[in-house]
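Each remark here refers to the structure printed beneath this line.
Values in this text are rule-based calculations from the coordinates and carry no lab data. This structure is a prediction, so every number in the text was calculated from the model and none was measured. With ideal geometry, Cβ positions are generated from the backbone for all residues, glycine too; neighbour counts draw on all protein chains shown.
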C-alpha cells in the first residue's frame with residue numbers, strides 16, 4: 001500500500017519519517033479562508049479534508065492512501081493563521097505572550113474509507129518582551145507557521161507549559177496519525 005502526504009510541510013514529512021513511514025509528497029494549494037460562522041474544529045477538519053481530496057485526484061489506484069492535515073492556533077476565539085507580514089507576526093506573538101492558547105491539528109486519511117481525527121493541545125507562553133519579539137522575527141522561523149511560531153524550534157524557549165501532543169502542535173499528531181493508518185490497514189495491527 002502506498003501513502004501520499006498532501007502537504008509541502010517539512011515538519012509533517014519529518015514526523016512521518018519519525019514513524020518509519022515511506023511516502024510520496026503531493027503538495028496542494030487550497031483556499032484556507034474561514035467561512036462565516038464556522039466553528040474552529042470544523043474549519044481545521046475541512047482544510048485537512050480539502051487537502052486530502054485535492055491530492056487524491058492525482059492517485060486513482062485502490063492501494064493508495066492520502067493523508068491531509070491542518071494545524072490551527074486559536075486564542076480568545078481568533079484563528080491565528082500564517083502571518084502575512086512582520087506586523088502580523090508580531091501582533092500574533094503579542095497575543096500569545098503570557099497566555100495559554102489552543103492548537104488543533106486535524107488528520108484525514110482517505111483510502112477505502114475516510115477516517116479522521118483531531119488533536120487538541122494547550123500551549124502557554126511566557127511573557128515576551130519587545131526585544132524577544134524582534135529577535136524571534138529576525139530568525140525567520142515564524143514565517144509560514146500558524147500562530148507565527150514553531151514549537152520544535154527556537155520558540156520552544158517561550159513555552160512554559162504544554163498540555164497535549166507536542167507532535168500535534170508541530171503539525172502532525174503521531175498517535176492519532178498512526179491509529180488512522182492502522183485502521184486503514186497501512187500498519188498491521
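Restricting attention to segment 95-118, which residues are closer than 24 Å to residue 2 by Cα and part of a strand (DSSP E or B)? Hits for segment 95-118 are 105, 106, 107, 108, 109, 110, 114, 115, 116, 117, 118.
Against the numbered list (1) free of Cβ contacts under 8 Å to residues at least 60 places away in the same chain; (2) over 13 Å from residue 7 (Cβ atoms); (3) surrounded by 13 or more Cβ atoms within 10 Å (Cβ to Cβ); (4) touching a helix residue (DSSP H, G or I) at 6+ places or on another chain (Cβ under 9 Å), residue 70 comes up short only at (2).
When you look at residue 169, is it in contact (Cβ under 8 Å) with a residue 60 or more places away in the chain, in a strand (DSSP E or B) and touching a strand residue (DSSP E or B) at 6+ places or on another chain (Cβ under 8 Å), yes or no? For residue 169, the condition - in contact (Cβ under 8 Å) with a residue 60 or more places away in the chain, in a strand (DSSP E or B) and touching a strand residue (DSSP E or B) at 6+ places or on another chain (Cβ under 8 Å) - is not met. Selection of segment 35-67 for residues being exposed (fewer than 15 other Cβ atoms within 10 Å of the Cβ), over 16 Å from the mean Cα position of the chain (by Cα) and farther than 19 Å from residue 185 by Cα yields 35, 36, 37, 38, 39, 57, 58.
With respect to being farther than 18 Å from residue 160 by Cα and either in a strand (DSSP E or B) or in contact with a helix residue (DSSP H, G or I) (Cβ under 9 Å, 6 or more places away or on another chain) (or both), residue 122 falls outside the description.
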